[in-house]
Amino acid sequence: MYLNVVACILKKNEKILISSRPQNKIFSGFFEFPGGKINPNEFVIEALKREIYEELGVMIDLRSIFFLKSYHVIQRKKKIRLIFFLCLNWFGEIFSKELQEFKWISPLSLNEFKMLKSNDKIINYLLSRSFPTTY
């Protein structure tokens, strides 16, 4: 049985958003892409909307999200399915609802940050492609 996790790569002005793990959670001090666990019987897109609102205080524009990649990892003996989306537009101003640090960075500088190991495949994917700012 897999733990399903959704993550969002928010892109604005050729930069993407990464956030630090909260101090009270495992892997604090690492950076990751905003997102979280998909609840039982929850649609993936609904989980994405909920998690982004819970973490960033914004509503994603469903017309501007695009599937990027999905893969499996084993982390601390747990099987995890990671599902990544690109988001190009949202409603509201991003702020830290969970006291996390945010950074807008160039995708080319991702390897300069202490990212969770489970993000290696999506980072390699992002570095090997160019992706749009708008559609």
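Data overview
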item: Count - residues of segment 77-97 that are touching a residue at least 40 places away in the same chain (Cβ under 8 Å), among the charged types (D, E, K, R) and part of a loop (DSSP other than H, G, I, E, B); result: 1
item: Candidate set: segment 98-111, residues that are in contact (Cβ under 8 Å) with a residue 24 or more places away in the chain and of a type in the set (A, V, I, L, M); chosen: the one surrounded by the most Cβ atoms within 10 Å (Cβ to Cβ); result: Leu110
item: Candidates Ile45, Ile60, Ile52, filtered to the one that is in contact with a Pro (Cβ under 9 Å, 6 or more places away or on another chain) and of a type outside the set (Gly, Ala, Ser); result: Ile52
item: Selection from segment 9-24 of residues that are surrounded by 18 or more Cβ atoms within 10 Å (Cβ to Cβ) and among the polar types (S, T, N, Q); result: Ser19, Ser20
item: Of all residues in segment 112-135 being part of a helix (DSSP H, G or I) and loosely packed, with under 11 Cβ neighbours inside 10 Å, the one that is modelled with the lowest pLDDT; result: Lys117
item: Where a residue in segment 5-26 is β-branched (Val, Ile, Thr) and its partner, wherever it lies, is crowded, with 20+ Cβ neighbours inside 10 Å and part of a loop (DSSP other than H, G, I, E, B), with Cβ under 6 Å and at least six apart; result: Val6/Ile38; Ile9/Phe33
item: Residue satisfying all of: in segment 49-83; among the aliphatic types (A, V, I, L, M), closer than 24 Å to Tyr2 by Cβ and under 15 Å from the mean Cα position of the chain (by Cα); surrounded by the most Cβ atoms within 10 Å (Cβ to Cβ) among these; result: Ile52
item: Residue match in segment 34-47 (condition: touching a residue at least 12 places away in the same chain (Cβ under 8 Å), on the phi > 0 side of the Ramachandran plot and loosely packed, with under 15 Cβ neighbours inside 10 Å); result: no
item: Selected residue (criterion: nearest to the chain's Cα centre (by Cα)) from residues of segment 1-36 that are closer than 17 Å to Leu127 by Cα, of a type outside the set (Asp, Glu) and outside any strand (DSSP E or B); result: Phe33
item: Tally, over segment 37-55, of residues that are outside any loop (DSSP other than H, G, I, E, B) and either polar (S, T, N, Q) or at pLDDT below 95 (or both); result: 2
item: Gln100 over 26 Å from Arg129 (Cβ atoms), part of a loop (DSSP other than H, G, I, E, B) and touching a strand residue (DSSP E or B) at 6+ places or on another chain (Cβ under 8 Å); result: yes
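The values are calculated or read from the model by the stated rules, or taken from the named source; none is laboratory data. All values reported here derive from a predicted model rather than from experimental measurement. Glycine also receives a Cβ, built like all others from the backbone with ideal geometry; neighbour counts cover every protein chain displayed.
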